[in-house]
Amino acid sequence: MKIPFFRPSIGEREIEAVTSCLRSGWLTTGQVTRDFESEFAAAVGAKHAVALNSCTAALHLALDAIGLQRGDLVLVPTMTFAATAEVVRYFDATPVFIDCRPDTLCIDPAVVESTLEALDAGRAVAGLQPPYGKVRAIIPMHYAGQIAEVEAISRIAKARDLAVIEDAAHSFPAAYRDDSGEWRSVGASADITCFSFYANKCITTGEGGMAVTNSAEYADRMRLMSLHGMSRDAWQRYTAAGSWYYEVVAPGFKYNMTDIASALGRVQLARADELLRARSEIARDYLELLAGIPGLQLPRARADRRHAWHLFPIQLDVKVWRQGRDAVIEQLKERGIGTSVHWQPLHMQPYYRELFGYQPEQFPVACSLWPKLISLPIYPGLTRPELEFVAETLRALCG
Ligand SMILES: *Cc1c(COP(=O)(O)O)cnc(C)c1O
């Protein structure tokens, strides 16, 4: 059996949509992208959506939109992908790493609070020296597809006038129950929420991303900066509705999404619930099949969350398993099972370690969890026999 870590779910409708875009004569950002944006905004319940060529671009433009300046501070998880923190460095600003909760691996609001208090008081904060810059934003990331404690984080942010930018690369569609018991979609409430349509994300455009917000001001700024800081985009310039005239009002970037990608994205968006249902069923099967394997901690969907199940990360208790995580990954690979690790915490990566002089144990939860983590394959199309094979293989390796 050969079970890759990921296989995209691309059907005839996606192929049809892309070829029809190719035949239309309009390839770059145009009406198809505008349609994708309005459909995506409606799907998450946000007023505005800006389609971009990656989630990294969305995070970058979000920080630009809130006016991040050199020397400012932004709170980011250490247990996240490189993109979440690198965008802060684009501004020569400082990512302040925050440890994760042991149960969800999302940013820990208690650590957010204690870090902010330490910064206020000019006390020591891992890797940083006072005098500290101004704290401007918090970027929670929804690990594996389970939404972080967004309400606690939003309360902390409001009290200090900080922006909340969600890294929702793993979480579409996903929802949480708010304090009043109402279900709210990820993307409906943060200042700006950034989604990824990278090949292995919940829905894909090959490469792509979306920034959503309820603020017209943020949306306008992100749209402007996504295309060279030009006051009108190509579609508006070259169609009868537009004119040839534009003004360059800022040194922008080249982050726009093509209509080819949007054509793919619109079909994937229409299938998002179906794809989520398939992932949820796989998660349910894994939870049943892997139960009882000693020394294995399984992910748990909280009752007040609709988990997007982008990843299925398990934790090996290396004391119970006779071999380490890396050896287990190697043996799974030999038996045809592809896995991945999300992630080595960023404070342990050479760039940040050298820049800030971090010690691994300065973020004890992330540091102790990462040697245990293995992400198992989870995507629509995985069959019950394939899942049984993964479970049997793990059971055999454990013994
Ligand atoms: C994939 C990912 C990103 C980056 O997405 P791109 O669309 O590839 O730029 C950002 N954050 C997290 C947590 C991710 O997993």
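The table below gives the values:
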| read-out | value |
| --- | --- |
| Those residues of segment 1-27 which are small (Gly, Ala, Ser) and more than 11 Å from residue 268 (Cα to Cα), in sequence order | 20, 24, 25 |
| Lone qualifier among 384, 322 - being touching a Cys at 6+ places or on another chain (Cβ under 9 Å) and over 27 Å from residue 197 (Cβ atoms) | 322 |
| Matching option when the condition is of a type outside the set (Phe, Trp, Tyr), farther than 15 Å from residue 376 by Cβ and surrounded by fewer than 15 Cβ atoms within 10 Å (Cβ to Cβ), among 277, 305 | 277 |
| Those helices (runs of 4 or more DSSP H) lying entirely in segment 291-374 with at least 3 residues free of Cβ contacts under 8 Å to residues at least 24 places away in the same chain, away from the ligand (no atom under 16 Å from the Cβ) and within 26 Å of residue 6 (Cα to Cα) | 325-334 |
| Residue in segment 211-241 that is nearest to the ligand (Cβ to nearest atom), counting only those that are among the small types (Gly, Ala, Ser), touching a residue at least 40 places away in the same chain (Cβ under 8 Å) and touching an Asp or Glu at 6+ places or on another chain (Cβ under 9 Å) | 226 |
| So residue 111, is it under 18 Å from the mean Cα position of the chain (by Cα), free of Cβ contacts under 8 Å to residues at least 60 places away in the same chain and either surrounded by fewer than 24 Cβ atoms within 10 Å (Cβ to Cβ) or part of a helix (DSSP H, G or I) (or both) | no |
| Residue check for residue 393: modelled with pLDDT of 95 or more and over 24 Å from the mean Cα position of the chain (by Cα) | yes |
| Failed condition for residue 146, given (1) more than 30 Å from residue 340 (Cα to Cα); (2) within 15 Å of the ligand (Cβ to nearest atom); (3) among the polar types (S, T, N, Q) | (1) |
| Hits in segment 9-42 - residues which are of a type in the set (A, V, I, L, M, F, W, C), within 24 Å of residue 224 (Cβ to Cβ) and surrounded by fewer than 24 Cβ atoms within 10 Å (Cβ to Cβ) | 26, 27, 41, 42 |
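For every residue, the table says whether it meets (1) buried (at least 22 other Cβ atoms within 10 Å of the Cβ); (2) in a helix (DSSP H, G or I); (3) of a type in the set (Val, Ile, Thr); (4) assigned by TED's automatic domain parsing to the domain that holds residue 46.
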residue	(1), (2), (3), (4)
212	yes, no, yes, yes
217	no, yes, no, yes
232	no, no, no, yes
237	no, yes, no, yes
246	no, no, no, yes
250	no, no, no, yes
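The values are calculated or read from the model by the stated rules, or taken from the named source; none is laboratory data. Source: prediction; values computed, not measured. In this analysis, Cβ positions are derived from the backbone assuming ideal geometry, glycine residues included, and neighbour counts consider all displayed protein chains.
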